[in-house]
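I have placed the structure first, in the form of structure tokens, so that the comments after it can refer back to it.
Derivation of every value follows stated rules applied to the coordinates shown; laboratory data play no part. Remember, predicted model here, so these are calculated numbers, not experimental data. Here the Cβ is made from the backbone with ideal geometry for all residues, glycine too, and neighbour counts use every protein chain on show.
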Amino acid sequence: MPCDCHAKDNVEIQRHVLALLLAINATTFCFEVVAGILANSTALLADSLDMVADATIYGIALYAVGKPGMRQSNPPGRGGRIRPEDTVRH
């Protein structure tokens, strides 16, 4: 059985990498917007919007890393199947 002795270290590494990627994407976005406006280039402006989308995803991932799961996808003892008796309210 694998141990979770390094799980906290892994979460911190993931958070650091995601924060770095978010900073790089946000910086690239700013440069591309300025360059796109100065060069009157719709291609650079469109690519800057793609950078915003990527930065948004990195921000969401950064928020989600290390958060406990809302529910288990495969509860113990049930094999992940919904039984009819689980859905009936008494």
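Put a dot 7 Å past the Cα of A64, heading toward its Cβ, do the same for L38, and the two dots end up 3.7 nm apart. As a proxy for reagent exposure, ranking D50, D9 by other Cβ atoms within 10 Å from fewest up yields D9, D50.
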